[in-house]
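What follows is a short report on a single structure.
The values are calculated or read from the model by the stated rules, or taken from the named source; none is laboratory data. Since the model is a prediction, treat every value here as computed from it, not as a measurement. Heavy atoms of the whole protein, side chains included, go into the accessibility calculation; ligands, DNA and RNA do not. Shrake-Rupley method; radii C 1.70, N 1.55, O 1.52, S 1.80 Å.
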Amino acid sequence: MLHVYCDESYDASHTVYTLAGFLGHEDEWAGLVDQWSARCSLDGISCYHATECAGQWGEFSGLPQEKCIALNSDLITYLAKSKLAGFGISISYRDFEEISQENDRARDFLGPSPYYLGMQILVIRCCHEIKMESTDYTLAFFFDQNEEVSGRAKALYDEVRKRNPGLDTYMRSLTYADKRKLVPLQIADELAFETMKNAQGILEGRRDRKPIARLKGAKVLCSLEMLGRSGLEQIARDGKLNII
């Protein structure tokens with residue numbers, strides 16, 4: 001069984017909503033967690049949070065900017081050297097809201113938040129990757145604790161099983177847990193944040209951010225997608241996720 005750790009990230013201006021995560025073998029996770037925890041401890045950080053690191057608040061409020069940058073760079077280095085596989089889906093907030101309001105069918109299928117659509121796509125992408133590798137692995141999914149979405153998300157997870165009979169055999173459990181107690185969720189938080197900022201930059205015509213470019217160069221990222229108007233319109237029109 002492989003473990004998949006996922007988290008969400010979004011910007012204050014509600015431009016992009018992102019869900020991202022890494023999948024990997026338990027042994028690979030264990031080694032990375034040791035490195036990650038030891039490096040954070042050097043700066044007195046008990047729980048890494050990418051937004052706090054970038055903004056120098058919370059646990060990072062007492063760290064100089066250069067130390068925050070160095071910490072982030074070191075953590076990206078660990079990820080680039082790992083054997084994890086990364087996935088990310090970013091959704092345009094504006095397009096999501098506009099298309100959701102067009103009719104009841106679109107609103108019902110897309111859901112009340114981009115979170116639910118992104119979560120389903122992320123799960124399907126991870127399962128499809130394992131299917132293409134022709135392995136016998138199954139996937140246990142872990143998402144950051146979020147009481148507002150976890151109930152509906154678990155119901156949707158069961159719906160994904162029913163709608164994707166070719167992938168359901170790869171889907172094991174779905175668990176919501178506290179990232180303060182589960183370091184791999186802190187690692188997923190880093191990817192979610194960097195993927196969100198990268199998607200935001202792409203919408204503004206900028207190139208990949210350095211952390212994303214490094215992870216791409218290391219071939220750690222399997223799939224990073226940006227879902228805009230045309231993709232959302234097709235999903236709403238078809239009433240299914242035509243993504244594989």
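Relative to the dominant Cα principal axis of the chain, helix 147-163 is inclined by about 50°. Estimated at the nearest 10 Å², the accessible area of Ile89 is 10 Å² with a 1.4 Å probe. Derived scalar couplings between HN and Hα for the stretch 181-193 equal 10, 9, 4, x, 6, 5, 5, 5, 4, 4, 5, 4, 5 Hz in order, rounded to whole Hz, by the Karplus curve 6.51 cos²θ - 1.76 cosθ + 1.60 (θ = phi - 60°), x for Gly and Pro. The angle separating the long axis of helix 229-238 from the principal Cα axis of greatest extent in the chain is about 40 degrees.
If the elastic network links every pair of Cα atoms under 10 Å, which of Gln101, Gln145, Gln35 fluctuates the most in the Gaussian network model of the chain? Top of the fluctuation ranking is Gln101.
Remark: the stretch 37-135 carries 45 Å² of accessible area per residue (probe radius 1.4 Å; ligands, DNA and RNA excluded). Among Lys67/Lys197; Lys162/Lys216; Lys81/Lys154, which pairs are too far apart, with a Cα-Cα distance over 31 Å? Among Lys67/Lys197; Lys162/Lys216; Lys81/Lys154, the Cα-Cα distance tops 31 Å for Lys162/Lys216; Lys81/Lys154.
Between the amide H of Thr175 and those of Phe141, Phe142, Phe143, distances stay under 5 Å, these residues lying 5 or more places away or on another chain, with hydrogens modeled in the peptide plane. Relative to the longest principal axis of the Cα atoms of the chain, the long axis of helix 26-42 makes an angle of roughly 50 degrees.
Within the stretch 136-233, the proportion of Cα pairs with more than 16 Å between them is 70 percent. Across the stretch 45-62, computed HN-Hα scalar couplings (Karplus, 6.51 cos²θ - 1.76 cosθ + 1.60, θ = phi - 60°) run 9, 8, 9, 6, 9, 4, 5, 5, 5, 5, x, 6, 9, x, 4, 8, 4, x Hz from first to last residue, x flagging Gly and Pro.
Within the chain, what whole-number % of the accessible surface is contributed by carbon and sulfur, with the 1.4 Å probe and all protein chains included in the calculation?
On the way: 5410 of 11650 Å².
After summing per-atom areas, the C and S share lands at 46 percent.
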